[in-house]
Structure formats: C-alpha cells, structure tokens
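The values are calculated or read from the model by the stated rules, or taken from the named source; none is laboratory data. Worth saying up front: this structure is predicted, and the values here are computed from it rather than measured. Ideal geometry is used to build each Cβ from the backbone, glycine not excepted, and the neighbour counts take in all protein chains shown. Areas reflect the complete protein model, heavy atoms only, side chains present, ligands, DNA and RNA absent. Shrake-Rupley method; radii C 1.70, N 1.55, O 1.52, S 1.80 Å.
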Amino acid sequence: MESTNNIEERVARLHAGGLIDMHFDLPLGLFWNRARSNVIATDFLPEIKSGDIGLLGVALYVEDKYLPDQALRIGLDQVALLYRELEITPRLALCKTFAEIQRAQAEGRIGFLLTMEGAEPLGNDPSLLRIFYELGLRSISLTHARANEAAAGGIFAPSGSPSHGLTRFGRELVRECERLAILIDVAHINPAGFEEICALTTKPLIVSHTNARHFYDIERNISDEQIKMIGARGGVIGINAILVSPRKEESTLDRYVDHIEYVADLIGTDGVGIGFDFCEFLWRQMPIAEREELEAKLSTPHFLPDLSNHAHTRNVTRKLIERGFNDQAIEKILRGNWLRVLRQVL
Ligand SMILES: [Zn+2]
C-alpha cells in the first residue's frame, strides 16, 4: 500500500500538465445567466482551477423550446456570450489550433475548445458550418436526444431509437467536417447514424461524453461493438459522470471508474478519456416543471456525490491509482489521449 503522501504526490504530478474534459455545457449556463457579467470567473473558475483543468470542451446547445426557428440565433448568442466572458477573463483562452492549445498550457491559461451538441443551429444549411468554424468550432455531434435535419439521436431506452441514419444534409456535414478539420463526435447519435458515420469517415472519431451500455443499457450510451469501432479508428471515448448507472445507489465514483476500466479492457488505455458532463449547476437552476419534463424525456440524472463538479477531479485520479493503473496510463486517460486526437485532427 502506498502512503497517503505518496499518493497525493503522484496525483499532483499527474495533474501538473492539466486535465482535459471534452464536454461541459458552459455556453448554456452563460445563456441562462446572460443578464449577469463575469459569470465564468464567479461561478466556474474556482472549481475549474482547483480541479487542474487544462482544456475544456464547451458545447453550444439549443433547448427544445427554441427549435427550429431560433436555433441559429441562440447558438450565435451563446458564442457571443462566450467571447464576452473570454475578453474579461485573461486566465482563459479559446483554442482553435493545436499550437494554441500548447501555448495556453505553456502560459498557464485554461484552454476552451468550442464544440456543438446537436447541429440544430446549422438548420439545413451546410455553409453555416463554415461560419461556426471561423468562430472557433472544432468539434460537433450531429444530434442530442432528438431528430433534426442531419440525423436522429439515441433514446434513453434499450431500443426504439429511429431506424434511419444520416440525412443527405447530415452526410454533407460529416464530409465537410473532415475537410475543415472539425472533430466528429458520435455522442448521442442513434445506432444507425453511428454506423453510417463510421462508414463515411476515415479520421479518428470521438465520443465526447458517454457511458458503457454494459452498465447502463440505453441507446444513448455505447455498446461493446461501438466501443471497439472507436478503438479500431484510433478514437477516444470520454466517460460521462451523469449516466454511470440507472440506479441511484450504484451511481458512485467506483462505478465511474468501472466504466473507464471496462472501455480500457476492451480497446486499451489509448481509447479512453474524460467527458464529465457536469451539469448539476443547470439542474439546480431549472424550474421544477422543466426539470420534470426533461426527466420524463431523458432520465433522472444521478449526480455522484464525490464527482459532481470540476473541483472533484482528484478523486478520479486517486481511484485510478488505487485500481492499479500506472502513471503512463493515467496520464493518457486524463489528458494524453485527447491531445493525441486533437493533434491528429486539428
Ligand atoms: Zn449530452
């Protein structure tokens, strides 16, 4: 058994390069608080800093009530809010290239990678992808848990997602992403869409935030076969801290690390990363009626008591050490695998 001091030294060493979390609904949080200023510094930065986060995928997301007509407007509003906050928070840096990611790290700044969860802001207009690319978009998942002009999302049940794959527009987007060097994120997509994206593309694919169906069997999560497909393509799967189990009593830090171990056992430690999806802050701000509506459509999230925000990342690292992962493997899971894919694709 290692002494507590040794373990804490190892954790500090492993965190020194900064962790990468590929999915955070920060732009939606900014949108909900758009009457306020300095929201990131006040509400998020203390936790992001204490969790040693180096790079964060921040996802544009448009709520159902704005679809379809206002989706573009809301997406652009979220970008504008993000830019405004970046301007007044020198500790943060929007990264559009791999060199900018490295520079942010060298300067001790926290990098943001702009991502999109659901292609709704693009409507059915492929040229808008280019506009968002210019604004900094570097990763896109075609859908959330709903159908749109591009594809259909996987539902929160073991079967029953729409049987169709991508639309013509969806296929066009995927090809344009590869051309522009935007990461293609297959989180949330239905099984048919997943398969089609794999067939259409050649670069590594990512799943920014998901869990293994082995522990939580819904089509929104990822099957053993899908995990192997991502692994075969040199992709990375970010493990989500919200859907680790359908049962509250099994929603624990240990079960979170079970997902990491499970994916690593199937495709090796090169294929697994972090995509916490910490969204309890949104849940707390939601009116009860809206929360109930969302729970009925999706599922009740079981937030993990010791892994519910960025200040808790050391708990994961300690647990990985406890499970016997070596430093090299932990470094890959916390940071190195995402960096590898970002270097390759961006
Ligand atoms: Zn999501």
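I'd like to know if the range 112-127 contains one or more residues that are surrounded by fewer than 20 Cβ atoms within 10 Å (Cβ to Cβ), more than 16 Å from the ligand (Cβ to nearest atom) and not in a loop (DSSP other than H, G, I, E, B).
Taking every residue of the range 112-127 in turn, at least one turns out to be surrounded by fewer than 20 Cβ atoms within 10 Å (Cβ to Cβ), more than 16 Å from the ligand (Cβ to nearest atom) and not in a loop (DSSP other than H, G, I, E, B).
Sort out which residues of the range 16-56 are touching a Phe, Trp or Tyr at 6+ places or on another chain (Cβ under 9 Å), open to solvent by 10 Å² or more (accessible area, probe 1.4 Å) and aromatic (Phe, Trp, Tyr), and write them in order of number.
Hit for the range 16-56 is Phe44, nothing else.
Please count how many residues of the range 33-63 are hydrophobic (A, V, I, L, M, F, W, C) and within 14 Å of the ligand (Cβ to nearest atom).
4
Being at pLDDT 95 or above and more than 26 Å from Trp338 (Cα to Cα) narrows it down to one residue among Pro162, Pro90; which is it?
Exactly one of Pro162, Pro90 is at pLDDT 95 or above and more than 26 Å from Trp338 (Cα to Cα), namely Pro162.
Could you figure out which of (1) in a helix (DSSP H, G or I); (2) within 30 Å of Gly324 (Cβ to Cβ) isn't true of Ile20?
Result: Ile20 passes all but (1).
Based on what the data block shows, is Asp185 of a type outside the set (Phe, Trp, Tyr) and open to solvent by 30 Å² or more (accessible area, probe 1.4 Å)?
no
Would you check if Val79 is in a strand (DSSP E or B) and β-branched (Val, Ile, Thr)?
no
Report whether or not Ile184 is closer than 24 Å to Leu307 by Cα and either in a strand (DSSP E or B) or modelled with pLDDT under 95 (or both).
Here the answer is no, as Ile184 does not meet what is asked.
Regarding Gly193, is this residue over 30 Å from Pro305 (Cβ atoms), more than 16 Å from the ligand (Cβ to nearest atom) and small (Gly, Ala, Ser)?
no
Can you tell me which of (1) in contact with a Lys or Arg (Cβ under 7 Å, 6 or more places away or on another chain); (2) of a type outside the set (D, E, K, R); (3) surrounded by fewer than 18 Cβ atoms within 10 Å (Cβ to Cβ) is the one Phe156 doesn't meet?
(3)
Kindly list the number of the only condition in (1) surrounded by 19 or more Cβ atoms within 10 Å (Cβ to Cβ); (2) part of a loop (DSSP other than H, G, I, E, B) that fails for Gly170.
Here Gly170 meets the rest and fails (2).
Within the range 128-147, take every residue that is of a type in the set (Val, Ile, Thr) and within 16 Å of the ligand (Cβ to nearest atom) and give me the one that is surrounded by the most Cβ atoms within 10 Å (Cβ to Cβ).
Ile140
Are any of the residues in the range 85-98 in a helix (DSSP H, G or I) and either more than 26 Å from Ser308 (Cα to Cα) or within 16 Å of the ligand (Cβ to nearest atom) (or both)?
yes
From the set of residues in the range 299-335 that are touching an Asp or Glu at 6+ places or on another chain (Cβ under 6 Å) and of a type in the set (Gly, Ala, Ser), which is farthest from His144 (Cα to Cα)?
Ala311
What pairs come out if I take residues in the range 54-67 that are part of a helix (DSSP H, G or I) and pair them with residues that are more than 16 Å from the ligand (Cβ to nearest atom) and modelled with pLDDT of 95 or more whose C-beta lies under 9 Å away, six or more apart or interchain?
Listed by first residue and then by second, the contacts come to Tyr66/Arg73; Tyr66/Ile74.
Any chance you could count how many residues in the range 18-32 are in contact (Cβ under 8 Å) with a residue 60 or more places away in the chain and away from the ligand (no atom under 16 Å from the Cβ)?
Summing the residues that are in contact (Cβ under 8 Å) with a residue 60 or more places away in the chain and away from the ligand (no atom under 16 Å from the Cβ) in the range 18-32 gives 4.
For Gly153, all conditions in the list (1) more than 16 Å from the ligand (Cβ to nearest atom); (2) within 21 Å of the chain's Cα centre (by Cα); (3) of a type in the set (Gly, Ala, Ser) hold save one; what is the number of the exception?
Looking at each condition in turn, Gly153 falls short on (1).
Looking at Ile242, Ile260, can you tell me which residue is among the β-branched types (Val, Ile, Thr) and touching a Cys at 6+ places or on another chain (Cβ under 7 Å)?
Result: Ile242 is the single residue among Ile242, Ile260 that is among the β-branched types (Val, Ile, Thr) and touching a Cys at 6+ places or on another chain (Cβ under 7 Å).
Let me confirm something: among Thr167, Thr143, which residue is under 17 Å from the mean Cα position of the chain (by Cα) and among the polar types (S, T, N, Q)?
Thr143
Being in contact (Cβ under 8 Å) with a residue 12 or more places away in the chain and either surrounded by 16 or more Cβ atoms within 10 Å (Cβ to Cβ) or of a type in the set (A, V, I, L, M) (or both) is the filter here, so list the residues in the range 1-15 that pass it.
Within the range 1-15, Ile7, Arg10, Val11, Leu14, His15 meet the criteria.
If the Cβ limit is 8 Å and pairs must be 6+ apart or interchain, which residue in the range 106-131 that is over 17 Å from Leu72 (Cβ atoms) and of a type in the set (A, V, I, L, M, F, W, C) pairs with which residue that is open to solvent by 40 Å² or more (accessible area, probe 1.4 Å) and more than 16 Å from the ligand (Cβ to nearest atom)?
Between residues of the range 106-131 that are over 17 Å from Leu72 (Cβ atoms) and of a type in the set (A, V, I, L, M, F, W, C) and residues that are open to solvent by 40 Å² or more (accessible area, probe 1.4 Å) and more than 16 Å from the ligand (Cβ to nearest atom), the close pairs are Ile110/Lys49; Ile110/Arg91.
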